[in-house]
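Each remark here refers to the structure printed beneath this line.
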Amino acid sequence: MSRRVSNAEIADKLFGLAYLLATRKENPFKIKAYRRAAGTIRALGESVAELVHSNADLTRYSGIGPAISDVIREIVKTGSTRRFQELQSQITPELAGVLDFPLLDPKRVLRVYKKLKISTIDELKERLETGEIGRVMGPRMDQHVRRALSDHGEMLLNEADRAVAVVQEFLIERCRVTRAEAAGDYRRRVDVIREFHFLVETSNFPAVVATLETYGGNGEILESSEDSALFKLSVGRLRVTAAPGNRWGLALLAATGSPRHLHKLESHGPGLSTLLQSTDRYPSETNVYAKLGLRFIPPELREGGHEVDLSARAQLPELLTVQDIRGELHAHTTSSDGVDTIEAMAEAARARGLSYIGISDHSQSLKIARGLSISRLRNQLRFIEMLNERLEGIRILKSAEVDILEDGSLDYPDDLLKELDYTICSIHSRFALDKEKQTARILRAMDNRYFSILGHATGRLLLKRPGYEIDFDRLIEHARTRGCFFELNSNPHRLDLSSEHARLAREAGVRIAVNTDAHSTRELGFIKYGVDNARRAGLEKQSTLNTLAWPELVRVLRR
Ligand SMILES: [Zn+2]
Ligand SMILES: [Zn+2]
C-alpha cells in the first residue's frame with residue numbers, strides 16, 4: 001500500500017490549486033473556498049487520509065463542501081489531482097518550484113527571479129544567504145523570503161486560538177487526558193506564537209505521546225522524556241508536559257514562563273526552585289504565589305519587568321477587560337473598503353454591548369481603499385445624523401481615518417474636519433521616510449487642532465513587514481502636550497501599538513483607544529486581541545480612552 005498522505009501535504013496541494021486558479025482569474029469565491037478548506041485541514045487532528053479510507057463524510061468539517069471533498073479524496077488516493085496537474089503543466093517550471101512553498105508570494109518571488117536573473121528555489125536560498133536579496137530588493141523582501149523558506153511555524157494570536165482549540169480537543173477526545181491547558185507564550189498572549197506548550201494530566205503519558213504521533217496523519221516527534229515531549233505538527237510545534245493534579249499550579253506556572261519572570265521568583269520567599277524540588281501540593285498558581293509571599297500575577301504581565309515587585313507590594317494594576325470597553329472608535333463600512341453598511345456595523349456594535357461606534361472610513365487620497373471625497377464624506381455625515389434619529393441603544397459617531405500626508409498636513413480641509421466628532425489620523429503612504437522625517441511628519445500632523453487619535457502608530461504588519469521608523473518618545477511628549485491620543489489597533493496582524501509602546505504611553509499618562517479597525521461586523525471581535533495586548537502593557541480601565549461613556553469622552557477629546 002502507498003504511503004498515507006499527511007494533512008499538511010493535502011493542505012499544501014489545495015493551497016497550490018487555489019493559487020493556480022487565481023492566476024487564471026477564476027471565480028474568486030471558489031479560490032477562497034480552496035484556501036479555507038486548506039486551513040481547516042491543516043488544523044485537523046484526525047488523519048484525513050484515514051477518514052477517506054474509512055469512507056467518512058468530509059463535508060461535516062467547516063469549509064468542506066461536496067466538490068472540495070471529491071478533490072481531497074482524489075489527492076488521498078492518487079497523491080495529486082488531475083486539475084492541479086493540468087494547470088501545473090501550463091505554467092513555467094520556475095513558478096511550479098515556487099508553489100512548493102505555500103508561504104512564498106509567487107508574484108513577489110518572480111520579481112526577484114527576474115531582477116537577480118535566477119530561476120530556482122536553490123538559487124533563491126543562496127542569494128538570501130549572501131544577503132543579495134536584502135541589498136537589491138530591500139529588507140521587506142528579505143524578511144518575506146526568509147520567513148517563507150524557514151518554516152518556523154510562527155503564527156498570530158487568532159490562528160493560535162484556532163489551533164489551541166483543536167489541539168485541546170484532540171488531547172481530551174483522542175489522547176484521553178483528564179485535563180489539558182495551554183500554557184507558554186500563548187497563555188501570556190504574546191503577539192507571535194512560535195511553539196505551543198500544553199500541560200496535561202494523565203495516568204499514561206507514553207500512550208498520549210503515541211497518539212500524538214498520529215496527529216494530522218503525521219506527528220513528527222522531535223524530543224521526548226519521561227514526562228515531556230516536543231512535536232512538529234501540521235498546526236505548529238507542540239510541547240506537552242505531564243503534571244499531576246496536586247502539583248498542577250506549580251507546573252502551570254513553570255510552563256507559562258516567561259524565563260525572566262520565573263527567575264525573579266527565585267528571590268522571593270523560599271524561591272521557586274525550592275518549591276519545584278519539594279513534593280508539596282500546589283493545585284493552583286495562587287497557592288504558589290502565596291507561598292512566595294506574592295499575590296497572583298496575571299499571565300500577561302509575566303515578562304520579568306516590575307510585576308513581581310508590584311505584586312509583593314500589592315500594587316499590581318487592575319488590568320483592562322473586554323467588558324470595560326464602552327465603544328468602538330475605528331470602523332470601516334461599504335463607503336470605503338469595509339464589507340458591511342453603517343447600519344449593520346452599528347447594530348453589530350450594539351449587539352456586543354457597546355454604546356457608541358465611530359465610523360472612520362478612509363479619506364480622499366487613499367484611492368486604493370475607495371477613500372471618501374469631501375462631498376461623499378459630507379453625505380455620510382448627514383446620513384449618520386439621520387440614522388442616529390432612528391436607531392436606539394447605540395450612538396454613531398462622525399469620524400474619518402484621515403491620511404497624514406507626506407508633509408504632515410491632514411487629508412481634509414479644517415472646515416470639514418471641524419464637523420467630525422473626532423478623527424483617527426494614520427499613515428498609509430511613504431513608509432520609507434527616514435526616522436527624522438517620519439517623526440516630524442506626525443508631530444506636524446498633531447499640531448492640527450482636529451487631530452485626535454494616531455491610528456496604528458508604526459504601520460507594522462506582524463510576520464510581514466516591520467513598522468516604519470519613528471522616535472516614539474517624541475511622539476508621546478507631543479501627544480501629551482497637544483492633547484492627542486494613541487490607538488492600540490486590535491487587528492491580530494497589527495497589534496500596533498506594541499505592548500512596549502503602549503506601556504510607555506501609559507506611563508506618560510497618554511490615554512489609549514483600543515480599537516478594532518473592523519472592516520466587517522465579524523472583525524469587531526478583534527477587540528479581544530487588542531485587550532490582550534493592552535493587558536501586557538499594564539493598561540487599566542482609566543488609562544484607556546474608549547472605556548469612557550460618550551459624554552465624558554467628548555470632554556476628553558476636546559482640544
Ligand atoms: Zn489604517
Ligand atoms: Zn482603518
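The values are calculated or read from the model by the stated rules, or taken from the named source; none is laboratory data. Keep in mind it's a predicted model, so treat the numbers as computed, not measured. Virtual Cβ from ideal backbone geometry, glycine too; neighbours counted across all protein chains shown. Ligands, DNA and RNA are stripped out before the accessible areas are found, and what is left, the full protein with its side chains, is counted by its heavy atoms. Shrake-Rupley method; radii C 1.70, N 1.55, O 1.52, S 1.80 Å.
Data table
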| item | result |
| --- | --- |
| Listed peptides 371-377, 420-426 by packing density, highest first (mean Cβ within 10 Å) | 420-426, 371-377 |
| Anisotropy class of segment 412-503 from Cα gyration tensor, a/c 1.5 cut | prolate |
| Centroid-to-centroid separation of segment 267-308 and segment 318-336 [C-alpha atoms, Å] | 34 |
| Hits among lysines - C-alpha to C-alpha of K32 under 19 Å, sequence gap 8 or more where chains match | K13, K107 |
| Segment 315-425, dipole about Cα centre (Lys/Arg Cβ +1, Asp/Glu Cβ -1), debye to the nearest 20 | 340 |
| Options V235, A43, S69, ranked by Cα towards positive dipole end of the chain, top entry (Cβ charges) | S69 |
| Solvent-accessible surface (1.4 angstrom probe) belonging to R4, in square angstrom, nearest 10 | 90 |
| Burial ranking of peptide ranges 528-535, 101-108, 160-167, 232-239 (average Cβ count within 10 Å, highest at the top) | 528-535, 232-239, 160-167, 101-108 |
| Mean separation of Cα contacts under 8 Å (6+ apart) over length of segment 444-543, as relative contact order % | 26 |
| Isotropic mean projected area of the C-alpha convex hull, segment 1-74 (nm²) | 4.8 |
| Solvent-accessible ranking of M345, M155, largest area first, probe 1.4 Å | M155, M345 |
| Accessible area expressed per residue, the chain, with surrounding protein chains retained (probe 1.4 Å, Å²) | 46 |
| Volume per residue of the C-alpha convex hull in the chain, rounded to whole Å³ | 181 |
| With every protein chain in place, the chain: carbon and sulfur % of accessible area (1.4 Å) | 49 |
| Highest average packing first - 129-136, 23-30, 281-288, Cβ atoms within 10 Å | 281-288, 129-136, 23-30 |
| Residue-averaged [θ]222 nm for the chain, counting only DSSP H segments that reach four residues, each worth -39500 (n - 2.57) | -12500 deg cm²/dmol |
| Anisotropy class of segment 258-373 from Cα gyration tensor, a/c 1.5 cut | prolate |
| Most to least accessible of R147, R36 (protein chains only, probe 1.4 Å) | R36, R147 |
| Size of electric dipole in segment 320-375: Cβ of Lys, Arg +1 and of Asp, Glu -1, about Cα centre, debye, nearest 20 | 80 |
| Inverse mean reciprocal Cα-Cα distance (Kirkwood Rh) of segment 155-277, Å | 14.9 |
| Local electrostatic count at D309 - Lys and Arg +1, Asp and Glu -1, tallied over other residues with Cβ under 12 Å | +2 |
